[in-house]
Amino acid sequence: MFSFPPNFLWGAATAAHQVEGQNCNNDWWDWEQVPGHIKNGDSARVACDWWSGRFREDFDRAQLLGHNAHRLSVEWSRIEPTEGEWNDAAIARYREMLTALRERNIEPFVTLVHYTQPRWFMESGAVPGKDGWLNERSPEILERYATRVVEALGDLCHFWLTLNEPNLYMVLNYAWKNRPPGAGSITQAMRVGRNMMLAHYRVYAAIHRVQPDAQVSLAHQWRWIAPANPRSPLDRLAAWQSNYLANEMFLRALTEGKMPFPLGRGEKIGDDKMPLDYLALNYYFENRVTFDLARASSLFARQLPSTWLGGTPYESFDEAGNLNPAALFELLERFARLRLPIYITESGTFDVGTDNQAPYLVSHLRALHRALQKGADVRGYFWWTLVDNFEWDQGYWLRFGLYHLDVETQTRTKRPVADTYAQIIRANGIPNEFMEQFGN
Ligand code: FCB
């Protein structure tokens, strides 16, 4: 058996817009209404129906599976439906959710902004139409919202995440433009990334003013980027450059107190305190990139389609990468040097109909265990996700849940991975038979 430390946190991760339903005051809602934006014309109109109260039954499921932590997000557009005005009913609802978790002995990790912004925020500034994170005032606007949330929920929550994946948000929404606002350029994407980093610094300080002992971080999806052909200097260049822009630049902004090029010009940000109390890493797959002159919008790096999905109905889904648990190990080993507690705030894979999720879980937890043995201070793991949910532009087609969801009837059906995970949690370790069955 590969044992984990006592008090290790085990759970799943969710995000407000993906599970709540009836969330119609934000940029995603507007985006979903346009035909062609979401696969199969899906929308988050109902999603997992949490806003009507189904969060309770799903938290019961998490409890039954032995989860002792859960990552969720609060929806800014519900809490601040118009600029500077607070909706007490929405706050009360989130208090119910956090209380429901606490009653089940599940530690909440709360993300303040997980990919969605209020409609007014997207239309708030000088650029006509949609400026949102391009607005110079955005860090200050976020600070006000965060302060209100932490004042209202701080007694129920100790672990906060300011923003989810600024690195993906700025690229997908402003450079590749397949998510709202669906307009922008590389230069604008950089401004978005820069404002999000400035916002993080301000919010980090603001949360600590309200709740001095809070644990605060930012969820970064670490894209593990490898050259398609390691012998090709151009592929290596493409991989280096993608890795810098997707990962290293953000890590520098967060750990060196300076705004790195091209987010800035090395100017100082914040005071001298590193604005992270723990590291929050989302990790999924390895991505292989090749040099491609036709890909100016990705600075000449093109991501290769996944190789492990061939022959499944998912083979055209080329944003997923290849499985590489060893990359998770290397990542954790590297981050151990920062001497901060580490939580894997998202990890998982979608169901391709071949019971592929349990092998993913076991092999990645085994990699995590190896990192623990080498001294990495990993304290928790969150599977993405508890119940199938609204997977953004992929609608309900991509299904990552421990439970399968029938959106029409709202019926949940447990997948095999849920039991595998529950047994690991119960043992607080990976039983040997799982290594024989799924491991490597
Ligand atoms: C992450 C997002 C999350 C979910 C997973 C699959 O990038 O944070 O909301 O969509 O991918």
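The values are calculated or read from the model by the stated rules, or taken from the named source; none is laboratory data. What you see is a predicted model, and the numbers here were worked out from it, not measured in a lab. Here Cβ is always computed from backbone atoms with ideal geometry, including for glycine, and neighbour counts include all displayed protein chains.
Which helices (runs of 4 or more DSSP H) does the stretch 167-255 wholly contain that include 1 or more residues that are within 30 Å of Leu156 (Cα to Cα) and of a type in the set (Val, Ile, Thr)?
In the stretch 167-255, 186-210, 249-255 are the helices (runs of 4 or more DSSP H) which contain 1 or more residues that are within 30 Å of Leu156 (Cα to Cα) and of a type in the set (Val, Ile, Thr).
Name the single residue, out of those in the stretch 335-382 being within 27 Å of Trp160 (Cβ to Cβ) and in contact with an Asp or Glu (Cβ under 8 Å, 6 or more places away or on another chain), that is nearest to the ligand (Cβ to nearest atom).
Phe382
For the stretch 71-119, name all the residues that are out of contact with any Cys (no Cβ under 8 Å at 6 or more places or on another chain), assigned to a strand (DSSP E or B) and of a type in the set (Val, Ile, Thr).
Scanning the stretch 71-119 gives Thr82, Thr111, Val113.
Please list, ordered by first then second residue, the pairs with beta carbon atoms under 8 Å, 6 or more apart or interchain, first in the stretch 330-354 and at pLDDT 95 or above, second among the basic types (Lys, Arg) and outside any loop (DSSP other than H, G, I, E, B).
Pairs found: Pro341/Arg379; Ile342/Arg379; Tyr343/Arg379; Thr345/Arg71; Glu346/Arg71.
Which of the residues spanning the stretch 8-56 are more than 16 Å from the ligand (Cβ to nearest atom), over 20 Å from Ile79 (Cα atoms) and without any contact (Cβ under 8 Å) to a residue 24 or more places away in the chain?
Within the stretch 8-56, Gln33, Val34, Pro35, Gly36 meet the criteria.
I'm checking my understanding of the structure. Among residues of the stretch 366-387 that are more than 13 Å from Pro5 (Cα to Cα) and either polar (S, T, N, Q) or in contact (Cβ under 8 Å) with a residue 60 or more places away in the chain (or both), which one is surrounded by the fewest Cβ atoms within 10 Å (Cβ to Cβ)?
Step by step, filter the stretch 366-387, then rank; the result is Arg366.
Give the number of residues within the stretch 47-63 that are over 19 Å from Lys414 (Cα atoms) and under 21 Å from the mean Cα position of the chain (by Cα). First the steps, then the outcome.
First, the residues of the stretch 47-63 that are over 19 Å from Lys414 (Cα atoms): 51-53.
If we keep only those that are under 21 Å from the mean Cα position of the chain (by Cα) too, we end up with 51.
Here the count works out to 1.
Being surrounded by 18 or more Cβ atoms within 10 Å (Cβ to Cβ) and away from the ligand (no atom under 16 Å from the Cβ) is the requirement here; does Pro260 meet it? Walk me through how you get there before you give the answer.
On the way: surrounded by 18 or more Cβ atoms within 10 Å (Cβ to Cβ): yes; away from the ligand (no atom under 16 Å from the Cβ): yes.
Criteria met by Pro260.
Go through (1) within 28 Å of Asn68 (Cβ to Cβ); (2) touching a Lys or Arg at 6+ places or on another chain (Cβ under 9 Å); (3) among the hydrophobic types (A, V, I, L, M, F, W, C); (4) buried (at least 23 other Cβ atoms within 10 Å of the Cβ) and name the single condition Met170 misses.
Of the numbered conditions (1) within 28 Å of Asn68 (Cβ to Cβ); (2) touching a Lys or Arg at 6+ places or on another chain (Cβ under 9 Å); (3) among the hydrophobic types (A, V, I, L, M, F, W, C); (4) buried (at least 23 other Cβ atoms within 10 Å of the Cβ), the odd one out for Met170 is (1).
Does the stretch 95-112 contain any residue that is within 21 Å of the chain's Cα centre (by Cα), among the basic types (Lys, Arg) and either within 16 Å of the ligand (Cβ to nearest atom) or modelled with pLDDT of 95 or more (or both)? Don't jump to the end; show me each part of the working.
Here is the first cut: in the stretch 95-112, the ones within 21 Å of the chain's Cα centre (by Cα) are 97-98, 101, 106-112.
Going one step further and asking which of them are among the basic types (Lys, Arg), we end up with none.
Looking through the stretch 95-112, none of the residues is within 21 Å of the chain's Cα centre (by Cα), among the basic types (Lys, Arg) and either within 16 Å of the ligand (Cβ to nearest atom) or modelled with pLDDT of 95 or more (or both).
Hey, among Gly66, Gly21, which residue is part of a loop (DSSP other than H, G, I, E, B) and over 21 Å from the mean Cα position of the chain (by Cα)?
Numbers: Gly21 fails: over 21 Å from the mean Cα position of the chain (by Cα).
The conditions single out Gly66.
Does Arg54 qualify as being among the basic types (Lys, Arg), closer than 23 Å to Ile91 by Cα and in contact with a helix residue (DSSP H, G or I) (Cβ under 9 Å, 6 or more places away or on another chain)?
Working: among the basic types (Lys, Arg): yes; closer than 23 Å to Ile91 by Cα: yes; in contact with a helix residue (DSSP H, G or I) (Cβ under 9 Å, 6 or more places away or on another chain): yes.
Yes, satisfied.
Contact list please: Cβ distance under 8 Å, first residue in the stretch 192-219 and of a type in the set (Ser, Thr, Tyr), second residue part of a loop (DSSP other than H, G, I, E, B) and modelled with pLDDT of 95 or more, pairs at least six apart or on different chains.
What qualifies is Tyr201/Ile269; Tyr201/Pro275; Tyr204/Pro275; Tyr204/Leu276; Ser217/Leu276; Ser217/Asp277; Ser217/Tyr278.
Filter the stretch 31-51 for residues that are of a type in the set (D, E, K, R) and over 27 Å from Arg95 (Cα atoms) and give the result.
Restricting attention to the stretch 31-51, the residues satisfying the condition of being of a type in the set (D, E, K, R) are 32, 39, 42, 45, 49.
If the condition is that a residue be of a type in the set (D, E, K, R) and over 27 Å from Arg95 (Cα atoms), then Glu32, Lys39, Asp42 are the ones that fit.
Which of the residues belonging to the stretch 278-308 are within 15 Å of the ligand (Cβ to nearest atom) and either surrounded by fewer than 18 Cβ atoms within 10 Å (Cβ to Cβ) or hydrophobic (A, V, I, L, M, F, W, C) (or both)?
Correct list: Ala280, Leu281, Phe285.
Looking only at residues in the stretch 388-435 that are in a helix (DSSP H, G or I) and within 16 Å of the ligand (Cβ to nearest atom), which one is surrounded by the fewest Cβ atoms within 10 Å (Cβ to Cβ)? Working first, answer last.
Step one: list which residues in the stretch 388-435 are in a helix (DSSP H, G or I), which gives 392-394, 416-427, 432-435.
Okay, now just the ones that are also within 16 Å of the ligand (Cβ to nearest atom), so 392-394, 417.
On the way: Trp392: 24, Asp393: 18, Gln394: 16, Val417: 24.
The qualifying residue surrounded by the fewest Cβ atoms within 10 Å (Cβ to Cβ) is Gln394.
Looking only at the stretch 156-166, count how many residues are in a loop (DSSP other than H, G, I, E, B) and either within 14 Å of the ligand (Cβ to nearest atom) or within 18 Å of the chain's Cα centre (by Cα) (or both).
Our first condition is that a residue be in a loop (DSSP other than H, G, I, E, B); within the stretch 156-166, this holds for 157-158, 165.
If we keep only those that are either within 14 Å of the ligand (Cβ to nearest atom) or within 18 Å of the chain's Cα centre (by Cα) (or both) as well, we get 165.
Result for the stretch 156-166: 1.
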